[in-house]
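The structure under discussion appears below in the form of structure tokens.
The values are calculated or read from the model by the stated rules, or taken from the named source; none is laboratory data. For clarity, every value in this text was computed on a predicted model and none was experimentally measured. When we count neighbours, we look across all protein chains shown, and the Cβ atoms used for this are built from the backbone with ideal geometry, even at glycine. Only protein heavy atoms, including side chains, enter the accessible area calculation; ligands, DNA and RNA are left aside. Shrake-Rupley method; radii C 1.70, N 1.55, O 1.52, S 1.80 Å.
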Amino acid sequence: MKSLMVIATFAGALFAQSPEWTEPFPPHKVVDNIYYVGSRGLASYLITTPQGAILINSSLEQSVPLIQTSIEKLGFKFSDVKILLISHAHWDHCAGSAKIKQLTNAKYMVMNADVTEIEAGGKGNFQYDNPQSRYPATKVDRVLHDGDKVELGGTTLVAHLTPGHTKGCTTWTMKAKDGGKTLDVVVVGSPNVNPGYKLVNNTLYPQIAADFERTFRVLKGLPCDVFLGAHGEYYGLNQKFPKMKPGAANPFIDPAGYKGYVAEREQAFRSELQKQSGK
Ligand SMILES: [Zn+2]
């Protein structure tokens, strides 16, 4: 009994989800044809085109009705979602995918190194291989590789492999038009070393540290005007959203914020690596 209690408490501490994950957030246009349709804590983006829409991040199973409501509030149809993408194979970004595929018939496109996990419902994840982190197993319709393009109705997204946080963690980039200018948009997959991640002697993910190194190289090399990510907290959604006003500068255009965020996250990775290396 006592050991069960300990397990329950341990699991609770690890898997307690933030209340912000399911708190509705005003859906809004970010720039051009990119819209925010996520909750306060879990980002989902709708990219509209004349041939239907692309959705990034299905989030939790219970997020699906919230995402649908957000899409409809903006005047679009949920059934217009033709392509479903994710930031990475963790339940808070992909658990709703099976439901969304079923409701919209969207084609699910996932980075190769995350595909096995997605199709096994989270089984085999190097850090969270436990019942609390599982999600409905979901068939992937197109396996993506680093640099692959996802195209729909004149819009092109590029999949950048930014591994470490998961083996197939994906950062999405695209171009957006804004007042005659072309802007570079970056949706960061995740640069985060989660609590408990073993960067040294990780038998389930031996190349994890090298993968994070690669991720920071890639992120530092990406041109970025519009800074977005898998969670609003990456780019300061809560602070930026109220600054969205007619006539005011678009707060999501934040190249300095992107650079600062990547530098800070790289520093956090390096100090954790140093700590774990015992140097
Ligand atoms: Zn994650």
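Expressed as an acute angle from 0 to 90° and rounded to the nearest 10, what is the orientation of the C-alpha long axis of helix 2-15 relative to the principal long axis of the chain?
The two axes meet at around 30 degrees.
To the nearest 10 square angstrom, how much accessible area does Y128 have with a 1.4 angstrom probe?
In the full protein context, Y128 sits at about 20 Å².
From the residues A53, A263, W172, which one has its Cα farthest along the dipole of the chain in the positive direction, the dipole being from +1 and -1 charges on Cβ of Lys/Arg and Asp/Glu about the Cα centre?
Of the candidates, A263 comes out farthest on the positive side.
Compute the helix-to-body angle for 255-277: its Cα long axis versus the longest principal axis of the chain, expressed 0 to 90° and rounded to tens.
So the inclination is approximately 10 degrees.
Helix-derived [θ] at 222 nm for the chain: sum -39500 (n - 2.57) over DSSP H runs of at least 4, divide by residue count, nearest 500?
On the way: 9 runs with 89 residues, N = 279.
Estimated from H runs of four or more residues: -9500 deg cm²/dmol.
Please work out the Cα center distance from segment 10-79 to segment 117-139, rounded to the nearest Å.
21 Å
So for the chain, taking the charge dipole from beta-carbon charges (+1 Lys/Arg, -1 Asp/Glu), which of Q132, N201, T182 sits furthest toward the positive end?
T182
Given a 1.4 Å probe and heavy atoms of the protein chains only, how would you sort T49, T182, largest accessible area at the top? Working shown, then result.
Details: T49 20, T182 75 Å².
Output order, biggest surface exposure first: T182, T49.
Need one number: the % of Cα-Cα pairs in the chain sitting beyond the 22 Å mark.
On the way: 21827 of 38781 pairs.
Taking all Cα-Cα pairs of the chain, the fraction more than 22 Å apart is 56 percent.
Out of residues 5 or more away from L183 or on other chains, whose amide H comes under 5 Å of its own, with H placed 1.01 Å from N in the peptide plane?
A176, K177, D178
Quick one: ranking R217, R40 by accessible area, 1.4 Å probe, largest first, what do you get? Working shown, then result.
Details: R217 160, R40 65 Å².
Solvent-accessible surface, decreasing: R217, R40.
Long-range amide H contacts for A53: which residues qualify at under 5 Å (H placed 1.01 Å from N, peptide plane, sequence gap of 5 or more or a different chain)?
V81, K82, I83
Taking the full set of protein chains and a 1.4 angstrom probe, give the accessible area of R265 in square angstrom, rounded to the nearest 10.
60 Å²
At 1.4 Å probe radius, can you tell me the per residue accessible area of segment 45-181 in Å²? All intermediate terms of the calculation are to be shown ahead of the outcome.
Working: 5380 Å² over 137 residues.
Counting only protein heavy atoms, the per-residue value for segment 45-181 is 39 Å².
Could you pull out the pairs from K167/K245; K82/K177; K73/K181; K77/K177; K29/K220 whose alpha carbons sit more than 31 Å apart here? Write out the running numbers ahead of the final one.
Values: K167/K245 39 Å; K82/K177 22 Å; K73/K181 28 Å; K77/K177 23 Å; K29/K220 26 Å.
Over 31 Å apart, Cα to Cα: K167/K245.
Taking the Cα atoms only, what angle lies between the long axis of helix 64-73 and the longest principal axis of the chain, rounded to 10 degrees?
20 degrees
In vacuo Debye scattering of segment 157-218, one point per C-alpha: log10 I(q)/I(0) at q = 0.19 Å⁻¹?
-0.69
Not counting ligands, DNA or RNA, and with a 1.4 Å probe, what is K73's accessible surface area in Å² rounded to the nearest 10?
Accessible area of K73: about 150 Å².
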